[in-house]
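Colleague: Would you mind keeping the following structure in view while I ask a few things?
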Amino acid sequence: MEISWACFGIGLVILAVGIVMFFGGLHVFFRSWKRMPEAEKQKIHIKALCHNLGGVIAVCGVIVLVAAFWPYFLDKLFVWFMVAWFVCAAIDLVWISRSGRYEDKK
(Lines give C-alpha, C1' and ligand atoms only; values in the text may rest on other atoms or scores of the structure.)
Protein backbone atom coordinates (compact mmCIF):
# COMPACT_ATOMS: atom_id res chain seq x y z
CA MET A 1 0.00 0.00 0.00
CA GLU A 2 1.46 3.31 -1.13
CA ILE A 3 0.75 6.43 0.90
CA SER A 4 0.35 9.80 -0.80
CA TRP A 5 2.43 11.93 1.56
CA ALA A 6 1.16 15.18 0.04
CA CYS A 7 -2.45 14.18 0.72
CA PHE A 8 -1.48 12.96 4.17
CA GLY A 9 0.15 16.27 5.14
CA ILE A 10 -2.55 18.46 3.66
CA GLY A 11 -5.28 16.27 5.13
CA LEU A 12 -3.77 16.47 8.61
CA VAL A 13 -3.53 20.26 8.42
CA ILE A 14 -7.12 20.63 7.21
CA LEU A 15 -8.40 18.19 9.83
CA ALA A 16 -6.48 20.01 12.59
CA VAL A 17 -7.90 23.37 11.47
CA GLY A 18 -11.40 21.89 11.44
CA ILE A 19 -11.01 20.46 14.94
CA VAL A 20 -9.60 23.70 16.35
CA MET A 21 -12.41 25.65 14.68
CA PHE A 22 -15.00 23.18 16.00
CA PHE A 23 -13.86 23.78 19.58
CA GLY A 24 -13.89 27.56 19.11
CA GLY A 25 -10.18 28.27 19.19
CA LEU A 26 -9.70 29.80 15.77
CA HIS A 27 -12.19 32.61 15.21
CA VAL A 28 -10.38 34.88 17.69
CA PHE A 29 -7.47 35.16 15.22
CA PHE A 30 -9.60 36.44 12.32
CA ARG A 31 -9.02 40.10 11.58
CA SER A 32 -12.72 40.68 10.95
CA TRP A 33 -13.58 39.26 14.38
CA LYS A 34 -10.98 41.45 16.09
CA ARG A 35 -12.31 44.59 14.39
CA MET A 36 -15.97 43.80 15.06
CA PRO A 37 -17.60 45.94 17.75
CA GLU A 38 -18.44 44.10 20.96
CA ALA A 39 -22.15 44.77 20.47
CA GLU A 40 -22.05 42.94 17.13
CA LYS A 41 -20.11 40.04 18.62
CA GLN A 42 -22.83 39.60 21.25
CA LYS A 43 -25.42 39.13 18.48
CA ILE A 44 -23.64 36.08 17.02
CA HIS A 45 -23.97 32.57 18.43
CA ILE A 46 -20.30 31.93 17.82
CA LYS A 47 -20.12 28.51 19.51
CA ALA A 48 -22.79 27.02 17.25
CA LEU A 49 -21.27 28.72 14.20
CA CYS A 50 -17.81 27.34 15.05
CA HIS A 51 -19.29 23.85 15.46
CA ASN A 52 -20.90 24.08 12.04
CA LEU A 53 -17.90 25.45 10.16
CA GLY A 54 -15.40 23.29 12.03
CA GLY A 55 -17.37 20.19 11.16
CA VAL A 56 -17.51 21.11 7.48
CA ILE A 57 -13.75 21.79 7.39
CA ALA A 58 -12.97 18.56 9.29
CA VAL A 59 -15.00 16.51 6.79
CA CYS A 60 -12.81 17.93 4.02
CA GLY A 61 -9.72 16.86 5.98
CA VAL A 62 -11.10 13.35 6.38
CA ILE A 63 -11.76 13.11 2.62
CA VAL A 64 -8.18 14.14 1.86
CA LEU A 65 -6.81 11.71 4.46
CA VAL A 66 -8.80 8.84 2.95
CA ALA A 67 -7.25 9.75 -0.40
CA ALA A 68 -3.80 9.53 1.20
CA PHE A 69 -4.26 5.93 2.31
CA TRP A 70 -6.49 4.48 -0.42
CA PRO A 71 -5.03 4.76 -3.95
CA TYR A 72 -8.28 3.68 -5.64
CA PHE A 73 -10.13 6.50 -3.86
CA LEU A 74 -7.48 9.00 -4.95
CA ASP A 75 -7.60 7.83 -8.58
CA LYS A 76 -11.33 7.31 -9.07
CA LEU A 77 -13.44 8.87 -6.33
CA PHE A 78 -11.59 11.82 -4.82
CA VAL A 79 -12.74 14.41 -7.36
CA TRP A 80 -16.38 13.35 -6.99
CA PHE A 81 -16.22 13.46 -3.20
CA MET A 82 -14.66 16.92 -3.31
CA VAL A 83 -17.32 18.17 -5.75
CA ALA A 84 -19.99 16.81 -3.40
CA TRP A 85 -18.22 18.45 -0.45
CA PHE A 86 -18.10 21.82 -2.25
CA VAL A 87 -21.80 21.59 -3.07
CA CYS A 88 -22.67 20.68 0.53
CA ALA A 89 -20.42 23.44 1.89
CA ALA A 90 -22.08 26.00 -0.41
CA ILE A 91 -25.54 24.86 0.68
CA ASP A 92 -24.40 25.10 4.30
CA LEU A 93 -23.13 28.66 3.80
CA VAL A 94 -26.41 29.71 2.21
CA TRP A 95 -28.28 28.09 5.10
CA ILE A 96 -26.04 29.85 7.64
CA SER A 97 -26.74 33.23 6.08
CA ARG A 98 -30.52 32.72 5.76
CA SER A 99 -31.52 30.58 8.72
CA GLY A 100 -30.99 33.11 11.50
CA ARG A 101 -29.86 30.27 13.75
CA TYR A 102 -26.54 31.96 14.46
CA GLU A 103 -27.95 35.43 15.15
CA ASP A 104 -29.49 36.84 18.29
CA LYS A 105 -32.35 38.99 17.01
CA LYS A 106 -32.95 40.87 20.25
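Colleague: Taking H placed 1.01 Å from N in the peptide plane, check which residues at least 5 places from Glu103 or on another chain put their amide H under 5 Å from its amide H.
Modeller: Amide H neighbours of Glu103, under 5 Å, 5+ apart: His45.
Colleague: On the first, second and third principal axes, largest extent first, how far apart are the outermost C-alpha atoms of the chain in Å?
Modeller: 55, 25, 18
Colleague: If you roll a 1.4 angstrom probe over the protein chains with everything in place, what fraction of the accessible area of the chain belongs to carbon and sulfur, to the nearest %?
Modeller: Ligands and nucleic acids excluded, carbon and sulfur give 71 percent.
Colleague: Sticking with this structure for a sec: Between Trp80 and Val94, how many nm apart are label points set 7 Å from Cα along the C-beta direction?
Modeller: Distance between the two pseudo-spin positions: 2.3 nm.
Colleague: Where the centre of each part is set by its Cα atoms, how far does the range 35-67 sit from the range 77-97, in angstrom?
Modeller: 15
Colleague: For Val28, what charge total do you get from the other residues with a beta carbon under 14 Å from its beta carbon, if Lys and Arg give +1 and Asp and Glu give -1?
Modeller: +4
Colleague: Out of the chymotrypsin sites (Phe, Trp or Tyr not before Pro) in the range 42-81, which ones are loop residues according to DSSP with at most 14 other C-beta atoms within 10 Å?
Modeller: Answer in residue order: no site qualifies.
Colleague: Could you provide, to the nearest whole Å², the per residue accessible area of the chain with probe 1.4 Å?
Modeller: Per-residue accessible area for the chain comes out at 69 Å².
Colleague: How do 84-94, 50-60, 13-23, 32-42 rank on mean C-beta neighbours within 10 Å, highest first?
Modeller: 50-60, 13-23, 84-94, 32-42
Colleague: Right, something else. Any chance you could count the Lys pairs in the chain whose alpha carbons are under 15 Å apart, treating pairs 8 or more apart or on different chains as valid?
Modeller: Value for the chain: 5.
The values are calculated or read from the model by the stated rules, or taken from the named source; none is laboratory data. It should be emphasised that the depicted structure is a prediction, and the values quoted were computed from it without experimental measurement. Counting neighbours? That spans all protein chains shown, and the Cβs are built from the backbone with ideal geometry, glycine included. All accessible areas refer to the heavy atoms of the entire protein, side chains included, with ligands and DNA or RNA removed. Shrake-Rupley method; radii C 1.70, N 1.55, O 1.52, S 1.80 Å.
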